[in-house]
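Please treat every number below as a calculation from the coordinates, not as lab data. Since this is a predicted model, take the numbers as computed values, not measurements. No Cβ is skipped: glycine too gets one built from the backbone with ideal geometry, and neighbour counts run over all protein chains shown.
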Amino acid sequence: MAEEAHSQVIDQVVQEALDKANLTETDLSAVAVTIGPGLSLCLRVGVQKARKIAGSCNLPIVGVHHMEAHALVARLFERELQFPFMALLISGGHNLLILARDLGQYIQLGTTIDDAIGEAYDKTAKWLGLDLRRSGGPAIEELAREGDAESVKFSVPMKQHKDCNFSYAGLKTQVRLAIESKNINAEIPISSASSQDRSSRADIAASFQRVAVLHLEERCERAIGWALKIDPSIKYLVM
């Protein structure tokens, strides 16, 4: 689904970037493309586009770390964003917290040790029988508005771990068990669910979202404390 969305817009996005820069592909000296971490199917779309441009214009390809691309592209739009700053990558395949001290100088503060938040959202949405044409995140968020975020007492991951890493595998297991306890059948779409069934699904969605985001907040708060001890001049967090 995400791969399809990337494929549908990649040509348009690249052309718009060239047009805004008043350039054509033949004006380029190299092609940079993110190569990971992240969902391989989505990354492949960009790599294939980069190879096509590079091949047709006989240009070198420069592989860029996904986190570095996210962190540095923000400086194109926020001129006041100067080093050092913190950056948080939130994707379907990875979560990463870094301290960017300069170009090519990064300190990793935290990383995904199992499942990323995007993957947890997608799986939860699938188990709840939601419409995944827009991906799991928007589907969960919409249903969660109908639910009680305190109704299902999911545990916040890694409460006892004094680091900045992320883990969503345990939360996924908690969600799956909650869904099983309510006898929710993912084969029955949310649009066909009874009023009581829909309410149960909404409560699980809201409770999951509260804990998933709280885990992000707690890891970020801890990382900010760490980063400020390394460099007290930090003023920005890029997401």
* **Residue among 167, 29, 155 with the largest mean-square fluctuation in a Gaussian network model of the chain, springs linking Cα atoms under 10 Å** => 29
* Structure fact -> Which of 19, 102, 114 fluctuates most in a GNM of the chain (C-alpha springs under 10 Å)? That residue is 19
* Most positive-pole-ward Cα, 95, 82, 171, against dipole of region 82-239 from beta carbon charges -> 82
* To do: Could you pull out every one of the lysines with an alpha carbon less than 24 Å from that of residue 162, ignoring same-chain neighbours closer than 8 positions?
  => 153, 172, 229, 235
* **Extreme residue, positive dipole direction of the chain, given options 5, 228, 212 (C-beta unit charges)** => 228
* Asked: Among the aspartates and glutamates, which fall within straight-line cross-link reach of residue 182, defined as a Cα-Cα distance under 14 Å, with same-chain neighbours fewer than 8 residues apart omitted?
  -> 197, 203
* **Whole-number percent relative contact order across the chain, with pairs defined as alpha carbons under 8 Å at least 6 apart** => 19
* To do: Give a residue-ordered list of calculated ³J(HN,Hα) values for region 58-69 (Karplus: 6.51 cos²θ - 1.76 cosθ + 1.60, θ = phi - 60°; whole Hz; x for Gly, Pro).
  => 6, 10, x, 9, 10, x, 10, 5, 3, 5, 4, 4
* Report, in debye and to the nearest 20, how large the dipole of the chain comes out about its Cα centre when Lys and Arg carry +1 and Asp and Glu carry -1 on their Cβ. => 400
* Mind listing the long-range amide H neighbours of residue 91? Cut-off is under 5 Å, sequence gap 5 or more, other chains count too, H placed in the peptide plane at 1.01 Å from N. => 117, 118
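Run lengths n ≥ 4 of DSSP H only: what is the helix-derived mean residue ellipticity at 222 nm for the chain, with -39500 (n - 2.57) per run over all residues, to the nearest 500?
Working: 7 runs with 118 residues, N = 239.
It comes out at -16500 deg cm²/dmol, rounded to the nearest 500.
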* With the convex hull built on the Cα atoms of region 37-154, state its orientation-averaged projected area in nm². => 10.6
* Asked: Can you run phi through the Karplus equation (6.51, -1.76, 1.60; θ = phi - 60°) for region 91-108 and list ³J(HN,Hα) in whole Hz, with x for Gly and Pro?
  -> 9, x, x, 7, 10, 8, 10, 9, 10, 8, 9, 5, 4, x, 10, 10, 10, 7
